[in-house]
């Protein structure tokens with residue numbers, strides 16, 4: 001399980017898990033699950049386009065995920081954020097459909113982009129993935145404090161001179177970056193469950209942001225490692241294990257939070273258990 | 001008449017059986033999607049609308065595995081997913097996207113498993129591609145009655161619940177105070193959405209189903225604040241985008257590279273996107289004018 005090509009799989013998967021844990025923490029904090037789904041999924045069109053014009057897949061993924069992030073950021077400033085995200089996604093997928101129909105590339109390639117091929121990673125793919133991962137984590141480290149403040153308390157952040165929209169754009173760019181490096185490895189559909197499941201579960205276990213961030217990375221690593229091991233022994237696709245492990249982790253987190261609330265109803269009111277959540281903009285809809 | 005239109009309609013457009021089926025199904029779907037979409041956009045559940053399309057992959061591949069037809073698979077998984085989302089907490093605005101995301105992630109994991117199991121038995125991964133990019137030109141016309149019936153059921157549900165649903169969408173507090181069962185309505189709406197998207201994704205692909213649900217409705221809601229008018233406008237815009245897309249896709253068989261048409265979904269989605277951009281123009285000019293008079 002730890003020999004030959006499997007070593008690459010372990011290394012790459014661990015890198016991906018760290019990035020997904022870090023970026024996903026902010027995805028969940030900001031309630032941007034849809035963006036985390038739309039950018040990787042839409043970037044898939046970029047891969048199809050890259051095949052068509054004959055450049056490296058990662059270039060196509062990078063260009064399209066950045067374009068998608070930019071479109072969501074620009075249009076979402078005035079419009080309804082989720083509707084704009086959906087539109088950006090389908091527009092990119094429409095282009096993807098066009099690229100696929102124009103090129104002679106056929107279905108297995110699509111399948112591996114959607115569901116990933118972590119067990120088939122070549123050593124040459126290791127370096128770019130690692131480099132992008134470092135950049136991604138560095139960017140998050142640099143904007144960590146303003147991003148955290150703007151995600152949790154948007155108004156307070158604005159009062160301190162943090163432009164909420166600029167932070168949104170920066171955050172979208174980080175998601176785009178994470179997409180570019182992770183999609184060739186784990187596939188568009190499953191980077192998403194990695195970015196949602198572990199951070200959401202982590203937030204149920206602790207209220208402190210730094211702890212939740214670390215826990216989120218730890219849970220993502222645990223998810224990926226167990227998924228690889230299970231996938232290796234059972235031969236079932238790794239995506240299945242990542243997806244179900246994420247859902248199970250989230251369910252355990254919710255149970256844990258419910259049990260803790262019941263134990264000390266006074267000290268932990270429903271409000272106190274979500275102190276890190278951004279204030280509701282549409283209070284009317286809660 | 002046909003002579004003048006010949007630059008637009010390539011020969012054989014109106015004689016083609018596939019085109020006729022596509023036009024009928026496209027129209028029905030666009031109208032229902034427009035009506036349902038207005039509520040989807042107002043409730044901020046575009047992600048759920050998108051997710052049900054993807055979850056269709058799970059249903060389709062699962063049904064394929066047990067040898068059932070795709071539609072029951074789509075419907076069963078759509079309904080299950082709607083129930084799971086409701087359970088995780090899609091009814092609260094703050095947990096909305098997260099609930100959708102958790103369910104979607106789990107469903108996609110299952111899809112990966114089903115496709116894997118299916119491909120070891122039958123050696124095909126075609127289901128993913130068909131569902132994602134399914135083409136409206138390949139539907140057999142025997143689907144028309146089925147689509148019409150399901151569309152009618154969804155429309156009927158919407159007609160029955162539209163007034164309390166609207167109230168509970170705009171102001172859940174007032175709705176609760178008046179004794180409207182807000183949560184039940186939300187769940188009913190979610191089920192209708194799941195069924196409608198299952199149908200759309202199966203016939204025209206999940207890209208188009210999301211585009212038709214969200215795009216025309218979002219554009220219509222920028223043009224008018226009245227829900228009734230928005231429903232009408234969204235239906236009209238959706239049908240227009242659909243028809244134009246079908247015409248262009250048909251014509252594209254004569255475009256380079258020859259003998260290989262461009263996909264309908266590309267045209268319809270692009271038209272819908274342009275419509276949405278145009279719908280923002282009045283507000284944009286308003287802002288510029290306001291900016292000029294102040295500055």
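The values are calculated or read from the model by the stated rules, or taken from the named source; none is laboratory data. Model, not experiment: these values are computed from the prediction. All Cβ positions, glycine included, derive from the backbone under ideal geometry; neighbour counts span all protein chains shown.
Tabulated results
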| quantity | calculated |
| --- | --- |
| Among the residues listed as B:185, B:158, the single one being in a helix (DSSP H, G or I), in contact with a helix residue (DSSP H, G or I) (Cβ under 9 Å, 6 or more places away or on another chain) and touching a residue at least 60 places away in the same chain (Cβ under 8 Å) | B:158 |
| Residue that is farthest from the other protein chains (Cβ to nearest Cβ) [pool: residues in the range A:77-90 that are under 20 Å from residue B:266 (Cα atoms) and without any contact (Cβ under 8 Å) to a residue 24 or more places away in the chain] | A:84 |
| Condition check for residue A:47: surrounded by 24 or more Cβ atoms within 10 Å (Cβ to Cβ) and at the interface with chain B (Cβ under 9 Å from one of its Cβ atoms) | no |
| Residue A:283, sole failed condition from (1) at pLDDT below 90; (2) more than 25 Å from residue B:45 (Cα to Cα); (3) within 12 Å of chain B (Cβ to nearest Cβ) | (2) |
| Condition met for residue B:165 (at negative phi and within 18 Å of the chain's Cα centre (by Cα)) | no |
| Those residues of the range B:192-209 which are more than 14 Å from every other protein chain (Cβ to nearest Cβ) and surrounded by 24 or more Cβ atoms within 10 Å (Cβ to Cβ), in sequence order | B:194, B:196, B:198, B:199, B:202, B:203 |
| Helices (runs of 4 or more DSSP H) (entirely within the range A:131-234) containing at least 1 residues that are in contact (Cβ under 8 Å) with a residue 60 or more places away in the chain and surrounded by fewer than 23 Cβ atoms within 10 Å (Cβ to Cβ) | A:144-152, A:154-159, A:164-186, A:209-234 |
| Output for the range B:210-237, where each listed residue is over 17 Å from residue B:49 (Cβ atoms) and within 11 Å of chain A (Cβ to nearest Cβ) | B:222 |
| Residue count for the range B:242-285, restricted to those that are surrounded by fewer than 17 Cβ atoms within 10 Å (Cβ to Cβ), away from every other protein chain (no Cβ under 11 Å) and at pLDDT below 90 | 7 |
| Residue list for the range A:235-256, restricted to those being in contact (Cβ under 8 Å) with a residue 40 or more places away in the chain, within 14 Å of chain B (Cβ to nearest Cβ) and surrounded by fewer than 18 Cβ atoms within 10 Å (Cβ to Cβ) | A:252, A:254 |
| Flag for residue A:62 being touching a residue at least 40 places away in the same chain (Cβ under 8 Å) and at positive phi | no |
| Selection from the range B:197-207 of residues that are assigned to a helix (DSSP H, G or I) and modelled with pLDDT under 85 | B:198, B:199, B:200, B:201, B:202, B:203, B:204, B:206, B:207 |
| The range A:29-43 - residue that is more than 9 Å from the chain's Cα centre (by Cα) and facing chain B (nearest Cβ under 9 Å) and, of those, farthest from residue B:45 (Cα to Cα) | A:41 |
| Top-ranked residue in the range A:59-76 [being out of contact with any helix residue (DSSP H, G or I) (no Cβ under 6 Å at 6 or more places or on another chain) and within 14 Å of chain B (Cβ to nearest Cβ); ranked as surrounded by the most Cβ atoms within 10 Å (Cβ to Cβ)] | A:67 |
| Residue check, residue A:79 farther than 16 Å from residue A:34 by Cβ, crowded, with 16+ Cβ neighbours inside 10 Å and modelled with pLDDT under 90 | no |
| Candidate set: the range B:105-134, residues that are more than 9 Å from chain A (Cβ to nearest Cβ) and not in a helix (DSSP H, G or I); chosen: the one modelled with the highest pLDDT | B:134 |
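Results for (1) away from every other protein chain (no Cβ under 11 Å); (2) surrounded by fewer than 23 Cβ atoms within 10 Å (Cβ to Cβ); (3) in contact with a strand residue (DSSP E or B) (Cβ under 7 Å, 6 or more places away or on another chain); (4) in a helix (DSSP H, G or I), shown as yes or no for each residue.
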{"site": "B:13", "(1), (2), (3), (4)": "yes, yes, no, no"}
{"site": "B:21", "(1), (2), (3), (4)": "yes, yes, no, yes"}
{"site": "B:24", "(1), (2), (3), (4)": "yes, yes, no, yes"}
{"site": "B:27", "(1), (2), (3), (4)": "yes, yes, no, yes"}
{"site": "B:31", "(1), (2), (3), (4)": "yes, yes, no, yes"}
{"site": "B:47", "(1), (2), (3), (4)": "no, no, no, yes"}
{"site": "B:60", "(1), (2), (3), (4)": "yes, no, no, yes"}
{"site": "B:72", "(1), (2), (3), (4)": "yes, yes, no, yes"}
